[in-house]
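What follows is one structure encoded as structure tokens, with my remarks underneath.
Every number in this text was worked out from the coordinates using simple rules, so none of it is lab data. Values in this document were obtained by computation on a predicted structure and should not be read as measured data. Neighbour counts run over all protein chains shown; Cβ positions are idealised from the backbone, glycine included.
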Amino acid sequence: MKNDDSWLESIDGLKGICAFLIAFVWHYQHFVPLNTVPFYPLFRISSDFGLFYVEYFFLLSGFGMMYGYGRRVTGREISFYAFMGRRIRKIYPLFLLTTGIVAVLQTLILWKTGSTFVYPNHDLYHLVLNLLLLQNGILETGWSMNSPSWTISVLMPLYVLFYAVNYFSRNQRRIYCFFGGCALLGCVVILSRENLPVLNPLMGRGLSCFSIGVLLYGIYERRDRFESRKVGYMLMLLPLSAYVLLRCGKGKYAGDLQMLTILGIAPAVVYGLLVVPAVKLFFSWKPFVWLGKISMAVYLFHFPIQCLFKATQLYLYDHIDYTSLIIWMSYVILTLILSALYERLASERLERWLLRQIRENG
């Protein structure tokens, strides 16, 4: 089928919405219970179940890897060094910057109060784990430093797995069968509730959703073999039904919402924005797309900004009313400005610096 990349902006829009809801709604509970904040009536579903938006990032990552690199890796057109170098170069400078900010601010908070803000593990060992991108999933399951970055430590081994499978299989059917098994394995790990190195819910979430993203790309590539738009419309009934049930307080009829999100809601939403014009139009709204362009910065900067608010409260003010709409909007605006400035002024410069360091010392 002829390539149609008109959905790329919609993907960015979905990333932007998810980043906004995680950073500014779900994680606002770091300050106060979410049902006490002014935005709660508007974002009640996102406030109560916002942790499941991370699943979309993993799924979109798997889909994006197949779209951008699947055939190139299978055809051995890109080396493992170049592939992983691009992943690290894109993520690591921002990760390093935000981790450093959190380390400094958490130290100030620790000196003042005797404990850290939200995430407890603040020591040299966990700093080393973070710098090696091993802070969660592989060796450690506790929260430390700029803890939302746990998704990066889960994604890195998934990128390695993706490259290895595509490089050695060189057969589309085998690749999709392998990731189909990985999707099931990830779900089993989640449901087992084990909290061990490697075998833990964080790795399970990443493995299952990333793998489903790979499979979803395979389905999308073959959309000319069935009535893809009709299927898209039918699939959209699932997230709409779940939303109505949750909004009406009938969440028990949705069952295990995490598994429903992984196996049904998230794939349905992503497939819908690929083939259903109305869904694609909604997610390609320019403000959503703009948020998507800076979504990684928003995701990694929002906790450092929270630490800044907390340190400011401890050292300069006795009280900040986090239930105030003005305080919430100040937090949102400051995070968005800093994220946009980073992407505009620093992102490419830091990536080039890191690439230069790798070449000079590699």
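Measuring from centroid to centroid over Cα atoms, what is the spacing of segment 206-234 and segment 20-63 in Å? So the separation of the two Cα centres works out to 26 Å. Note on segment 123-200 and segment 257-299: Cα centroid distance 22 Å, given to the nearest whole angstrom. Straight-line cross-link reach from Lys250 at under 18 Å between alpha-carbon atoms covers these aspartates and glutamates, not counting any fewer than eight positions away in the same chain: Asp48.
Dipole check for the chain: with +1 at the C-beta of Lys and Arg, -1 at the C-beta of Asp and Glu, and the Cα centre as origin, the magnitude is about 1000 Debye. Legend: helices of the chain (whole DSSP H runs) are marked when their alpha-carbon atoms reach 27 angstrom or more along the helix axis and their mean Kyte-Doolittle hydropathy is at least 1.0; marked are 150-169, 172-192.
The residues neighbouring Met259, those whose beta-carbon lies less than 12 Å from its own, together hold a net charge of -1 under the Lys/Arg +1, Asp/Glu -1 convention.
Put a dot 7 Å past the Cα of Trp290, heading toward its Cβ, do the same for Tyr81, and the two dots end up 4.2 nm apart. Between Met329 and Tyr317, the contour length at 0.36 nm per residue exceeds the alpha carbon distance by 2.5 nm.
Ser284: net charge of surrounding residues, Cβ under 11 Å, Lys/Arg +1, Asp/Glu -1, itself excluded? Don't skip to the answer; put the middle values down first.
Numbers: positive: Lys280, Lys286; negative: Glu9, Asp12.
Taking every Cβ under 11 Å from that of Ser284, the sum is 0.
In percent, rounded to a whole number, the relative contact order of the chain is 31, using alpha-carbon pairs under 8 Å and six or more apart. GNM on the chain, alpha-carbon springs under 10 angstrom: the most fluctuating residue among Phe58, Phe178, Phe24 is Phe178.
So what is the 222 nm mean residue ellipticity for the chain from helices alone, if each DSSP H run of at least 4 adds -39500 (n - 2.57) and you divide by all residues, rounding to the nearest 500 deg cm²/dmol? Spell out each step's value before the answer.
Working: 18 runs with 244 residues, N = 362.
Using -39500 (n - 2.57) per qualifying helix, the result is -21500 deg cm²/dmol.
Around the amide H of Met145, modelled in the peptide plane, lie the amide H atoms of Asn121, all under 5 Å away and 5 or more residues distant in sequence or on another chain. Among the lysines, select those whose C-alpha is under 30 Å from the C-alpha of Lys112, and discard any that sit fewer than 8 residues away in the same chain. In chain and number order, the partners are Lys310.
Projection of the Cα convex hull of segment 248-350, averaged over all directions and equal to a quarter of that hull's surface, yields 10.6 nm². What are the aspartates and glutamates whose alpha-carbon lies under 17 Å from the alpha-carbon of Lys230, with same-chain residues fewer than 8 places away excluded? List returned: Glu221. Diffusion coefficient of the chain by Stokes-Einstein, Kirkwood radius over Cα pairs, 25 °C, 0.890 mPa s: 114 µm²/s.
Each of Tyr233, Tyr253 was scored by other Cβ atoms within 10 Å of its Cβ. Listed from fewest to most, they are Tyr253, Tyr233.
Listing Cys177, Cys307 from fewest to most neighbouring C-beta atoms within 10 Å gives Cys177, Cys307.
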